[in-house]
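Asks: After the structure tokens below, expect a handful of questions from me.
The values are calculated or read from the model by the stated rules, or taken from the named source; none is laboratory data. Just so we're clear, the structure is a prediction, and the values are computed from it rather than from any experiment. No Cβ is skipped: glycine too gets one built from the backbone with ideal geometry, and neighbour counts run over all protein chains shown. Just the protein is used for accessible areas: all its heavy atoms, side chains included, with ligands, DNA and RNA removed. Shrake-Rupley method; radii C 1.70, N 1.55, O 1.52, S 1.80 Å.
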Amino acid sequence: MKQLLKLTLGGCLAGASISIGAAIYLSCQSKVAGALLFSIGLILVVTYGFNLYTGMIGYVRSGRELLRALWAFLANALGCMLSLLMPNGEASRAAELWQGKLENGLLTVFVRAVVCGVLIFACVNYAKKHDGVAALAYIVLAVAAFILCGAEHSVADICFLFAARAFSLQSALFILVVAAGNAVGSLVLSFWEERTKK
């Protein structure tokens, strides 16, 4: 029970951290500045060891680990509810952003989510093995890269969904497709790393 509570709390804090990054992004007039500053969310997650789905899913090797990652995903969504408190200006931008996302086909969304999974696993995996300026720079660049290239991050997208208050079955399906794509991208890179080390 203690481990479950820790996983849940860490997951909620991870979702809240990404919400902070999303709020900063939506408040920036410059897309590049917003993309760079969004990374504060992942920096908080990595620095304090919060449980973020996209940072965990690439390390899944058993059914139990998969359940932990999926539980963290649900806890992330709870933490993302912080985005419901965004001011009207940011909420309006989120609504416009979210509508644009829903206009993409699900295959396109999935491929973009795979790209994001690769980038997030790469920077999180690097940060697990290194610290200091190099790890920080890797996180900032990876997060900015996935935002600027239009890749999809499931937890960040939940934040935008909440900020936009765009609750629908279409939105739920979008999030599930992104979560699956993030998993595929993370696992492909993770298994590749394992294979090349043998």
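Asks: Summarise the accessible area of the chain (1.4 Å probe, protein heavy atoms) by the percent that is carbon and sulfur.
Replies: In the chain, the share of accessible area belonging to carbon and sulfur is 69 percent.
Asks: Please work out whether the chain counts as rounded, prolate or oblate from its C-alpha gyration tensor, where a ≥ b ≥ c are the square roots of the eigenvalues and a/c under 1.5 means rounded, while otherwise a/b larger than b/c means prolate and anything else oblate?
Replies: Verdict is rounded for the chain.
Asks: Evaluate the relative contact order of the chain (contact order divided by residue number), counting alpha-carbon pairs under 8 angstrom at least 6 apart; express in whole percent.
Replies: This gives 30 percent for the chain.
Asks: Straight distance only, please: which lysines reach the Cα of K6 with their own Cα at less than 26 Å, same-chain residues fewer than 8 apart left out?
Replies: Candidates past the 8-residue exclusion: K128, K129.
Asks: What's the ranking of 39-47, 157-165 by average number of surrounding C-beta atoms within 10 Å, highest first?
Replies: In decreasing order of mean packing, 39-47, 157-165 become 157-165, 39-47.
Asks: Under the classification rounded if a/c is under 1.5, otherwise prolate if a/b is larger than b/c and oblate if not, where does the stretch 91-141 fall, given a ≥ b ≥ c as square roots of the Cα gyration tensor eigenvalues?
Replies: Oblate, since a/c reaches 1.5 and b/c is not below a/b.
Asks: Can you list the aspartates and glutamates whose alpha carbon is less than 15 Å from that of K2, not counting same-chain residues fewer than 8 positions off?
Replies: Answer for K2, where 15 Å is the Cα cut-off: none of the aspartates and glutamates qualify.
Asks: Additional query: K31: which lysines have alpha carbons under 21 Å from its alpha carbon, excluding same-chain residues fewer than 8 sequence positions away?
Replies: K101
Asks: Output the peptides 77-88, 6-17, 128-139 sorted from most to least packed, where packing is the average of other Cβ atoms within 10 Å over each peptide's residues.
Replies: Going by the mean number of other Cβ atoms within 10 Å, highest first, we get 6-17, 77-88, 128-139.
Asks: 222 nm [θ] for the chain, helices only, -39500 (n - 2.57) per DSSP H run of 4+, per residue, to 500?
Replies: Taking each H run of at least 4 residues, the total per residue is -26500 deg cm²/dmol.
Asks: In Å², what does the accessible area per residue of the stretch 1-143 work out to with a 1.4 Å probe?
Replies: With all protein chains present, the stretch 1-143 gives 52 Å² per residue.
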